Structure formats: structure tokens, C-alpha cells
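The values are calculated or read from the model by the stated rules, or taken from the named source; none is laboratory data. Keep in mind the model is a prediction, meaning the values are calculated, not measured. Cβ placement follows ideal geometry from the backbone for every residue including glycine, while neighbour counts extend to all protein chains displayed.
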Amino acid sequence: MHHFEYRDGVLFAEDVSVTALAEEYGTPLYIYSAATFRRHFKAFDSAFKGLDHLTCYSVKANSNLSILKLLAAEGAGMDIVSGGELFRALKAGVSPEKIVYSGVGKRDSEIRDALKAGILMFNVESVAELERINSVAGELGMKANVSFRINPDVDPQTHPYISTGMKENKFGLDIENSLKAYQRAAEMDHVEPVGMDCHIGSQLTSIEPFLEALDKLLHFNSQLKKMGIIIQYLDLGGGLGIAYDAEEPPHPSEFGQALSEKLQGLPLKVIFEPGRVIAGNAGILVTKVVYTKSNPTKNFLIVDAGMNDLIRPSLYGSYHRIGEVELSGRQHKPFDVVGPICESGDFLARDRELPAVDQGERLVVYSAGAYGFTMASNYNTRPRACELLVDGDTVHVARKRETYEDLVANEL
Ligand code: LLP
């Protein structure tokens, strides 16, 4: 069941016409489907129903409070990477004991806030960070639950910018140093090593790298046991990919089955941190063609959404499917779909076959629910887009469009 579908040639988000939404709220416009978010969360979470597990949605993918509330109501925990994301998760009503905190650069104030909130555990990425956590927890008279992020040196076969588990990456600790880190943690008064963690990359389209990483972690766990360190949590991170174009990523149920086979019967609670697989195809970006122009080599569609609204094509060369909001049946031509920003890298698509749309008409950019709005900026002093959450025939403004006044509000 798809929730972004054409009805009589007009794109609908659940039961609401996208044309009507664009007319009322303007463009560029992010539209999320609540039913899709729920379906994706359930599909992922139920893939592990035979295992003691916790699905911690990765807040960075789409951190709008309405989305966090919706997922928390489905029983999701959260994976956070900053004090800001902690603030959002708590504000959305997520139970702190379902929050895990990852990231290489946690500051003292962030560690303090997370300890005071009572989060489940810190995924620690260096010995220096371990020392900080021990000392901040000491000041508060507390004991911090920690797990180390282990870098298993596995190639996730994805874009280099979103590969995180190879030895040249800044993330986590290599296996050898991890053993020393656990030893060090075991000697400390204000930390308790309770888990093991890894996250090898994002937009993975095959299961093998996950299994390879899991094998390395399970082997590492047996070494820990020999040292007398018994952990309770195994956090396998996020990273499961989605279809932007012709990719054929494993369905969460397949992913669940493959991992469950290896995890069944182990005395470990397994944690997952999916982001994209839940949010990516639950959102679209609607944009309007401001001008069309052609030169001897190119046809351009100049649209009102730029790299400040959706940076993935510019940053990673990512493909996002683009279509018409209202089907015209016109002939296709190759277009560069470009934004209004003063950078040649400001494009949503290059050499894309699209119907010959006219200025004033609207396009939809698919798979924009993850790493879309959360990576948006105000570059060129462009107010960030409005975000809507559609639930059946109900439209909820999840975030108002920014105004020019908002953009200068903190400038003194
Ligand atoms: N856990 C950790 C520790 C992470 O660093 C990430 C993503 C996730 C979980 C969620 O990964 P996912 O399930 O969404 O693949 N901006 C890039 C993606 C960066 C991902 C960063 N970390 C993009 O637009 O493709």
C-alpha cells in the first residue's frame, strides 16, 4: 500500500491532494505520510519479534517533533547524537530509558544532560570520551552505562561519505583498542560497561556487511567474557538502505531473519538504530518550476527548491526520483533540474528524462523524508521550507515555513 499515489492524474499524500496542499502552504514544501512512518516502523520492529530487542529510531534522519511523537507512540526508542537531539526526544515524550547516545564529539554539558535525563547508555567512541563520561558522572555522583562503538573494519559498499565502519573512518575504536577500553572502563568508578555497539554505514543494500560485522562483534564478545566482562546490550546501529531508484535493498523482514538466525538464544538485548529505512520513503518534497530555459546543450528546469532544502544530490550525487504533481502526458526531454542558489552544484537532478513541464507547474521529489529537512540550511538567506504531516485526510503543520524575521532573529 503506497501513500503517495496518483488519483485521476493528481498526486495525493494519503487522502489529500498535493496540489491543494501546495496552493495552501506554498512551495518548497515537505510532506510526510503518517501511515507510511507507522508502517515502516512496524515492518522493521516486527522483523525482530522473536528477539529481545529495542528499535531506536535515528533522530538525525528526520527530527521533527511530530515525527518523533508519532514514532514514540508506536513504541520506538531513539538514537541521538547531540544535546539538541536529546532535547527533542525528551520533548516528544520518549522514555529516557529507551535513548542511546552515539557520536564522536560529546561535550561535557551534553553528557551531563543525558546523565540527568537517565538515558539507557552512551555509545562511546574513544578512551578520551570514556574519561570525560567517568568524570562528569563522578561530579553528579552517578554511574554511567556505556558501550563502546567498535569499528569492525567492514566495507559497507556504499558512498564513501556515509561509510563509517572502515579503519580509515573517524568512528569508534578498532578491535584491539576496544579490549583495552573495556578493561579501563571496568576499573572506573563512575561507568559501567553494559553493551557493545557498531554502525558501519548508511544506505546499505545488501545484508552481507551487516553479517560480517556481527560475526566480528560476537567474536569480540567472547573475548570480553574471557576477561570477565559480561554485557547485556548489543547495538547494531542503523544503515539499512532504501530504493531511491533501481536499488533492491533487502526488506526489513529478510534483514531481520538473517540477523535473528545468528542472534537467537544469546543472552543479549539487541538494539537497532534505523533512520532512513523508516523516514526516507515516508516524505516528499514539492517544488514549483520558476523558469525554464535552454542553451545549445541543456534544458533547465529552474525550481524553487535548492540545495539548501535538499542537499543530497549536491553532496553525494544522490539520485532522487522526480515526477509531476499533475500528470500532463507530455513528451519527455532530458532536463537538469536546478535550484535558485548561486552554485553550479545546486541541482536536484541532471540529464533527467521528464515530461516537458512549464513554468508555474509543480514537481515532486521522492524519497525526501530522511536527511532532507534535517540537512537543510538558510544559505542564500532562504527560509527553510514548511513541513506537513498528513494522516488520512488530516493535515498537520509539523513546522511552519520560516519567515525573513526568523532568519535574523538572533542577529544583534
Ligand atoms: N546510528 C548511527 C550511529 C549513525 O551515525 C546513523 C547515521 C544511523 C544510526 C542511521 O543510519 P540510517 O539507518 O539512516 O542509514 N546524510 C546522509 C546519511 C548520513 C548517515 C549518518 N549516520 C545521507 O543523506 O545519505
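A few points about this structure:
- Whichever residue in segment 259-311 is in contact with a strand residue (DSSP E or B) (Cβ under 7 Å, 6 or more places away or on another chain) and among the acidic types (Asp, Glu) and, among such residues, is farthest from Val18 (Cα to Cα): Glu273
- Yes/no for Arg330 being out of contact with any Gly (no Cβ under 9 Å at 6 or more places or on another chain), under 20 Å from Ala282 (Cα atoms) and of a type in the set (D, E, K, R): no
- Residues that are out of contact with any Pro (no Cβ under 8 Å at 6 or more places or on another chain) and in a helix (DSSP H, G or I), drawn from segment 116-137: Lys116, Val127, Ala128, Glu129, Leu130, Glu131, Arg132, Ile133, Asn134, Ser135, Val136, Ala137
- Hits in segment 138-177 (condition: within 14 Å of the ligand (Cβ to nearest atom), in a helix (DSSP H, G or I) and of a type outside the set (Phe, Trp, Tyr)): Pro160, Ile162
- Scanning segment 127-150 for residues that are surrounded by fewer than 20 Cβ atoms within 10 Å (Cβ to Cβ) and hydrophobic (A, V, I, L, M, F, W, C) yields Val127, Ala128, Leu140, Met142.
- The one condition in (1) farther than 20 Å from Gly237 by Cβ; (2) at pLDDT 95 or above that Ser82 fails to fulfil: (1)
- Among the residues listed as Thr36, Thr55, the single one being assigned to a helix (DSSP H, G or I), within 16 Å of the ligand (Cβ to nearest atom), of a type in the set (Ser, Thr, Tyr) and crowded, with 18+ Cβ neighbours inside 10 Å: Thr36
- Residue match in segment 249-260 (condition: assigned to a strand (DSSP E or B) and not assigned by TED's automatic domain parsing to the domain that holds Gly323): no
- The one condition from (1) within 16 Å of the ligand (Cβ to nearest atom); (2) on the phi > 0 side of the Ramachandran plot that Gly26 does not meet is (1).
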